[in-house]
Amino acid sequence: MDRQTAAEKLTAAGLRVITEMRTGAGDGWRLRLESDVLVTCLDSGTVTVRGRNQEPVRVALSLPLDDTPADAAARSRKILLVAGENAKASVELQAMLRQRRLDPLVLDQALSGGPTIVEELQRLRAEVRFAVLLASPDDEGHRAGRAHEKAFRARQSVVLTLGMLLASFGRSRVAILLRRGVAMDPPSDIEGLRYIPYGESLAEAEFALAQAILAEEITPNAPGRAAET
C-alpha cells in the first residue's frame, strides 16, 4: 500500500493525519496521526503501525488486528551487533546500548546452529529491530601493485556479513560505525548507507547511533530512566 492510498483510507475513516514525511533512509513515508499513532508505508508496499490504540487504524487500512512479524520486531529492543577482532570496542558498544535500555545481541552468540548464516539472519530479522556493524580497522590492504595506497580495512568476514545484513534487514535498519582519524577504506561504496564515525572512543558515536535507532521507532531511554513496557 502506498502513502496516498493509506492517507485516503485513514481520512475516510475519520482519522486525521497531521504530518507526512519521508523515512530517514528514504525508503518510504511516515504518517503521524492526531492520535499519535505512526503509520509507515515503505516503497516496497509494506505497512507497519506503531503506537497505542492501533485497532481503528488497522481496520481503516484493512490490516490484521494481530501483530505481524514486522510489528513485533518494531517493538523489540534487541539490537544485533557485528564486530571484527576488536573485542574491547565490542564490549564498549554493548555497554553503551545497555545504558540506553537496549538489548545487544552479538551475532556470533545469537546464532542457533541453523544451516547457513543467511537463514539465521532471516530468523533474527523477525525478533531484532536494528543491526549495528562495527567496522574497526582490523586489516590492511591495497590494490595490486599500489602499495602506496595501503589503508586499514574491516575484516573481510565483516564486509561479507554487511552485505547479508543489508539484504535481510534493509539499509534503513543497519548502521555502520566507522573509525575516523586513520586511513581507512569504508566497507562499501554503496550510496545511501548510514555511516556513523567514531574516534578513540565509541562514546563519540552514541548520540548519532541513538538518533538512527530513534528513526526506526525504538525509543532508547536515557541512562537512569526505566524502560517503557
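One line per residue, one yes/no per condition, for (1) at pLDDT below 90; (2) in the same structural domain as I196 (by TED's automatic domain parsing):
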{"site": "T46", "(1), (2)": "yes, no"}
{"site": "V57", "(1), (2)": "no, no"}
{"site": "V91", "(1), (2)": "yes, yes"}
{"site": "L111", "(1), (2)": "yes, yes"}
{"site": "P115", "(1), (2)": "yes, yes"}
{"site": "R123", "(1), (2)": "yes, yes"}
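Scan the range 65-75 and tell me whether some residue there is under 26 Å from A167 (Cβ atoms) and at pLDDT 80 or above.
no
The values are calculated or read from the model by the stated rules, or taken from the named source; none is laboratory data. Here the structure is a predicted model, which means the values were calculated and not measured. Cβ coordinates were reconstructed from backbone atoms using ideal geometry, including for glycine residues, and neighbour counts include every protein chain displayed.
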